[in-house]
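Undergrad: Could you have a look at this structure, given as structure tokens, before my questions?
The values are calculated or read from the model by the stated rules, or taken from the named source; none is laboratory data. All figures in this text were calculated on a predicted structure; none of them were measured in a lab. Every residue, glycine as well, gets a Cβ built from its backbone with ideal geometry; the counts of neighbours run over all protein chains shown. For the accessible areas, the whole protein counts, side chains as well, though only heavy atoms, and no ligand, DNA or RNA atoms are used. Shrake-Rupley method; radii C 1.70, N 1.55, O 1.52, S 1.80 Å.
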Amino acid sequence: MKEYKGYIKVYTRQPETDCYPEGLSYSIHMAGSRDGEDFQPFNKNYGILFAEAEIRQNDTISPKGVSHPQVFPLKEGGYGIAALRVSENGEPDESTEGKLLLWKTEDFISFENTGLTDIGAVEQMRAEEGISREPLACVEVDKDILGRAEEYWNPIVNTEITVPECVVVHSAEELDEIRVTAVYSDGSTSLKKVIWEKDGIDFSTPVICEVQGRVEDKSYPFPLAKGYGDPVLFWWEGKWYYISTNDNMDDIGLYVREADTVRELFEEGITEHLILARDESRELIQTFWAPEFHVIGGELYLLFAVSGHVWGPQCHFMKLKKGCPITEAKSWEDPVRVRRKDGSWLSEDGITLDMTYLKTIRGSWLIWSYRRHIGTALDTGSMLYIAATDEKEPWRLKSDPVLLSRPLFGWENVAGTINNEGPYTFVKDGRVYLTYSGGSANSYTYALGLFMARERDNLLDISVWNKHCAPVLSFYSVEGEYGPGHNSFFEDEDGDLMIAYHGETGLDQNLRCDGIRRVHFRRDGFPEFGMSAGEDLDQKLREVKMKIVIK
């Protein structure tokens, strides 16, 4: 065996009806090995590459899967991954006879989907590398490629806490501001707050001494709140606010909580203020869904969906009156339904929901979910659309809607759920990150997908968006949390980016419950949404010491 050798294999899994259905199992999974015998799964054995569904002539979706995957080196460099395309249940797909799905990759991290390719062309690629006609499910790779793939697809964990060697402080308050650095297995870092033991220290007397402390554990228990979906946390004029779809009230009305800290928002007995009630006179009857706070043009708005007497949620805006408190119903102007640029309703033939707002250096944008013929044989599935808007009248589109995404991957349309919904964004280092959800909103299959684009791009140009090949958060991510999805982002009191989401407490549960965790950024800058509390902070490393000079 050559010293540089490593191995990566590709495979599918057998469906397990109650815990790993066909839409997930008939995807390409990967595993790595140092010796070619002992293989460890990537991505916790969840699928990585998914076949795209076909869109039928009637605009419905025909889900697809893969079988018999193979992997091989390419003459021009990099590697090819090929597989038969099959129906969702694994049966042969006669429409692709004589063809294979083909992906190309340099590193087994990012992949180029080249679509259906003649089997003869794939055989020629293998022949050029001296590979037999018999497809192989394992390939030899450089050990550095294996190492990077393992680092990317496997959990990142806290391995070390580094403390400043010596710091100068003038007061207890200055000491409280001293942070330590958590180091992770990929070389990334995160600053952590410390609860320093200050008893017995006289900050009025110059001295050099050692101080002990305990790294603050900022993790939140799951579940935080039971019977709530689509959670949003928001900081406004010195207070924290929480709003969500209130399943406990049968999704009727919009309720908001107010507190001084994030944790206080979830204390037992916290008051819920009704700011928009059921009102037949205004056609506010049912499905008060997915409310989101957004500051647009200096004004505070609430974006949400609601239905009248006839079921069919539509996106609405509601504006906070100047100088009025969030928690009172009379503080809000009447809701207005979102319109297209020509003044017509956003949708006349379907439902619209989950609208979110994004501001970049290029302009202002609205992103939402749209679906036609829901619950019928002509159900299109929910789709993500994007349009430009103006801060002065954000409820009126400034451009035509542009289709961003349909639920074509197996994890998005698993078991007939056909969902792309719940978009939410953040901007960091000139890059836009757009998360969204697929699968069933109150089932363990719910999962979080990710789009990325550059902030300077025209976001109506679909080619600027990069869709991640696999979910970035699923029921495989954190033990005990099932169906995590429909998230939002906020910066907490310490400036850390946090993700709020809902999920269930078991495979067979369907009561939506809220959770919060820190978003970690890997060494390459990629966000990690599924870092468990133990991976974020090793409890054995929490006790720290530091030398201080008091002046």
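Undergrad: Is there any pair with a first residue in segment 112-132 that is closer than 10 Å to Phe72 by Cβ and touching a residue at least 24 places away in the same chain (Cβ under 8 Å) and a second that is surrounded by fewer than 15 Cβ atoms within 10 Å (Cβ to Cβ) and of a type in the set (D, E, K, R) whose Cβ atoms are under 8 Å apart and which are 6 or more apart or on different chains, and what are they?
TA: Going by the 8 Å Cβ cut-off, the qualifying pairs are Met125/Lys75; Arg126/Arg133; Glu128/Lys75; Glu129/Lys75.
Undergrad: If you don't mind, there's one more thing I want to ask. Which number in (1) modelled with pLDDT under 95; (2) buried (at least 21 other Cβ atoms within 10 Å of the Cβ) marks the one condition that Ile201 misses?
TA: (2)
Undergrad: Among the numbered criteria (1) surrounded by 17 or more Cβ atoms within 10 Å (Cβ to Cβ); (2) in contact with a Ser or Thr (Cβ under 8 Å, 6 or more places away or on another chain); (3) over 30 Å from Trp196 (Cα atoms), which single criterion is violated by Leu116?
TA: That leaves (1) as the condition not met.
Undergrad: Does Ala377 satisfy the condition of being assigned to a loop (DSSP other than H, G, I, E, B) and open to solvent by 20 Å² or more (accessible area, probe 1.4 Å)?
TA: Values: assigned to a loop (DSSP other than H, G, I, E, B): yes; open to solvent by 20 Å² or more (accessible area, probe 1.4 Å): yes.
Considered against the rule, which asks whether it is assigned to a loop (DSSP other than H, G, I, E, B) and open to solvent by 20 Å² or more (accessible area, probe 1.4 Å), Ala377 comes out as yes.
Undergrad: Could you tell me whether any residue of segment 34-52 is modelled with pLDDT of 95 or more, over 23 Å from the mean Cα position of the chain (by Cα), surrounded by 14 or more Cβ atoms within 10 Å (Cβ to Cβ) and in a strand (DSSP E or B)?
TA: There is no residue in segment 34-52 that is modelled with pLDDT of 95 or more, over 23 Å from the mean Cα position of the chain (by Cα), surrounded by 14 or more Cβ atoms within 10 Å (Cβ to Cβ) and in a strand (DSSP E or B).
Undergrad: Consider segment 10-33. How many of its residues are open to solvent by less than 30 Å² (accessible area, probe 1.4 Å) and either touching a Pro at 6+ places or on another chain (Cβ under 9 Å) or in contact (Cβ under 8 Å) with a residue 12 or more places away in the chain (or both)? Even if it seems obvious, please write down each step before you answer.
TA: Of all residues in segment 10-33, those open to solvent by less than 30 Å² (accessible area, probe 1.4 Å) come to 10, 20-21, 23-25, 27-33.
Still in the list and also either touching a Pro at 6+ places or on another chain (Cβ under 9 Å) or in contact (Cβ under 8 Å) with a residue 12 or more places away in the chain (or both): 10, 21, 23-25, 27-33.
Counting residues in segment 10-33 that are open to solvent by less than 30 Å² (accessible area, probe 1.4 Å) and either touching a Pro at 6+ places or on another chain (Cβ under 9 Å) or in contact (Cβ under 8 Å) with a residue 12 or more places away in the chain (or both) gives 12.
Undergrad: Here's something else I'd like to know. I'd like the full set of residues that are under 15 Å from Arg339 (Cα atoms), free of Cβ contacts under 8 Å to residues at least 60 places away in the same chain and of a type in the set (Val, Ile, Thr), limited to segment 360-405.
TA: The answer is Thr389, and nothing else.
Undergrad: Taking the criterion of being in a loop (DSSP other than H, G, I, E, B) and open to solvent by less than 20 Å² (accessible area, probe 1.4 Å), would at least one residue in segment 351-373 satisfy it? So that I can check it myself, show each step before the final result.
TA: First, pick out the residues of segment 351-373 that are in a loop (DSSP other than H, G, I, E, B): 361-362, 372-373.
Those still in the list that are open to solvent by less than 20 Å² (accessible area, probe 1.4 Å) too: none.
Scanning segment 351-373 turns up no residue that is in a loop (DSSP other than H, G, I, E, B) and open to solvent by less than 20 Å² (accessible area, probe 1.4 Å).
Undergrad: Could you grab me the full set of residues in segment 432-462 that are hydroxyl-bearing (Ser, Thr, Tyr) and open to solvent by less than 10 Å² (accessible area, probe 1.4 Å)? Don't jump to the end; show me each part of the working.
TA: We begin by selecting, within segment 432-462, every residue hydroxyl-bearing (Ser, Thr, Tyr); these are 433, 435-437, 440, 443-446.
Passing the criteria: Thr435, Tyr436, Ser437, Tyr446.
Undergrad: Considering (1) over 30 Å from Leu74 (Cα atoms); (2) over 23 Å from the mean Cα position of the chain (by Cα); (3) outside any strand (DSSP E or B), say which one Val167 fails and leave the rest.
TA: Here Val167 clears every test but (3).
Undergrad: Sticking with this one: All but one of (1) out of contact with any His (no Cβ under 8 Å at 6 or more places or on another chain); (2) over 15 Å from Ile418 (Cα atoms); (3) touching a residue at least 12 places away in the same chain (Cβ under 8 Å); (4) not hydroxyl-bearing (Ser, Thr, Tyr) hold for Ile351; which doesn't?
TA: (2)
Undergrad: Can you work out which of the residues in segment 186-197 that are more than 27 Å from the chain's Cα centre (by Cα) and surrounded by 16 or more Cβ atoms within 10 Å (Cβ to Cβ) is farthest from Glu268 (Cα to Cα)? Even if it seems obvious, please write down each step before you answer.
TA: Let us first name the residues in segment 186-197 that are more than 27 Å from the chain's Cα centre (by Cα), namely 194-197.
With the extra rule that they be surrounded by 16 or more Cβ atoms within 10 Å (Cβ to Cβ), the set shrinks to 194, 196.
Values: Val194: 27, Trp196: 29 Å.
Out of the qualifying residues, it is Trp196.
Undergrad: Could you tell me whether segment 65-84 includes any residue that is open to solvent by less than 70 Å² (accessible area, probe 1.4 Å), under 14 Å from Phe409 (Cα atoms) and either in a strand (DSSP E or B) or of a type in the set (A, V, I, L, M, F, W, C) (or both)?
TA: Of all residues in segment 65-84, those open to solvent by less than 70 Å² (accessible area, probe 1.4 Å) come to 65-67, 69-74, 77-84.
Imposing the further condition that a residue be under 14 Å from Phe409 (Cα atoms) reduces the set to 65-66.
Filter once more, keeping what is either in a strand (DSSP E or B) or of a type in the set (A, V, I, L, M, F, W, C) (or both): 65-66.
Checked segment 65-84: at least one residue is open to solvent by less than 70 Å² (accessible area, probe 1.4 Å), under 14 Å from Phe409 (Cα atoms) and either in a strand (DSSP E or B) or of a type in the set (A, V, I, L, M, F, W, C) (or both).
Undergrad: For Ser347, all conditions in the list (1) over 25 Å from Thr60 (Cα atoms); (2) open to solvent by less than 10 Å² (accessible area, probe 1.4 Å); (3) outside any strand (DSSP E or B) hold save one; what is the number of the exception?
TA: Only one criterion is unmet by Ser347, namely (1).
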